[in-house]
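To keep things clear, I will list the structure first and then write my remarks on it.
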Amino acid sequence: MPEDAVVQRARERAEDLGCAAVSPGAGALLSVLAATLGARAVVEVGTSAGVAALWLLRGMPDDGVLTAIDPEAEHLRAARLAFAEAGLPPVRTRVIAGRPQEVLPRLADGGYDLVLIGGEPHAWFDFAVEALRMLRPGGILAVAGALQGGNVADRAAQDEATTAARELGRSVLADTGLVPALVPVGDGLLLAVKKA
């Protein structure tokens, strides 16, 4: 699915800021997942200048609200700009400036349909633990960048980011309360549905 001009501009801002934004293919898949769930409450950890959020909001119903969490003020400003350019009413997005480690524990248990995790892999495991608490039964955990540039499959790659991505993948696979999949779109999208 081609990206419109608003998403393209958000992607350019993400590149300027050094943010890792989801690929168009991963964005389209996130949009489909949000639509399939009828997702009215979504959390994104790490804004990437609003690229993934725009894709998610496309799939969400008109009364859906996306909560974006990021400690970087510049990334949040870029995301707000993307939301404004897309003509989204302010009630559709909630932008929280803060460290996800401090913000996520304050969000409601079972109150969310989808949680997208991005950013630095070293914190993914802790974010995923919080996300699984926050998700309703049938909700989806999504982790962007799960293949780490193909390094996850390379046994010789032992850097911190790759190791953290592998550990999260193993943990999700071993959790009997989840239905997992690693989708090789973009830089990989780790998905897990929370069983009822």
Most fluctuating residue given options A86, A28, A144, as computed from a GNM of the chain linking Cα atoms under 10 Å: A86
Heavy atoms of R166: accessible area, 1.4 Å probe, square angstrom to 10: 30 Å²
The range 7-46-the range 114-128 distance, computed between alpha-carbon centres (Å): 15 Å
Other-chain or far-sequence residues with amide H under 5 Å of A68's (modelled H): E44, R94, V95, I96
The chain: calculated mean residue ellipticity at 222 nm from DSSP helix runs of at least 4, using -39500 (n - 2.57): -12500 deg cm²/dmol
Point-charge dipole on Cβ atoms (K/R +1, D/E -1) for the chain, about Cα centre, debye to 20: 540 debye
Dipole magnitude of the range 91-196 about its Cα centre (Cβ charges: Lys, Arg +1; Asp, Glu -1), debye to nearest 20: 420 debye
Alpha-carbon gyration tensor eigenvalues x 5, square-rooted, for the chain, Å: 24, 19, 16
Accessible area per residue, Å², the range 1-125 with all protein chains present, probe 1.4 Å: 44 Å²
Accessible surface, 1.4 Å probe, highest first, among residues R9, R80: R80, R9
The chain - percent of accessible surface contributed by carbon and sulfur, probe 1.4 Å: 56 percent
Accessible surface ranking that places the most exposed of V32, V7 first, with a 1.4 angstrom probe: V32, V7
In the range 91-196, chymotrypsin sites (Phe, Trp or Tyr not before Pro) in a DSSP loop with at most 13 other beta-carbon atoms within 10 Å: none
Antiparallel bridge percentage (DSSP; both residues within the chain; nearest 5): 35 percent
Fluctuation leader among L135, L57, L182 - the chain, Gaussian network, Cα springs under 10 angstrom: L182
With all protein chains modelled, accessible area of S23 [1.4 Å, Å²]: 30 Å²
Most mobile of A79, A165, A35 in a GNM of the chain (Cα contacts under 10 Å): A35
Residue (of L37, P180, V51) at the positive-pole extreme of the chain, dipole from beta-carbon charges: L37
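The values are calculated or read from the model by the stated rules, or taken from the named source; none is laboratory data. Because the structure is predicted, anything quoted here is derived from the model rather than measured. Here the Cβ is made from the backbone with ideal geometry for all residues, glycine too, and neighbour counts use every protein chain on show. The protein model used for the area step is the full one, side chains on, heavy atoms only, and it has no ligands, DNA or RNA in it. Shrake-Rupley method; radii C 1.70, N 1.55, O 1.52, S 1.80 Å.
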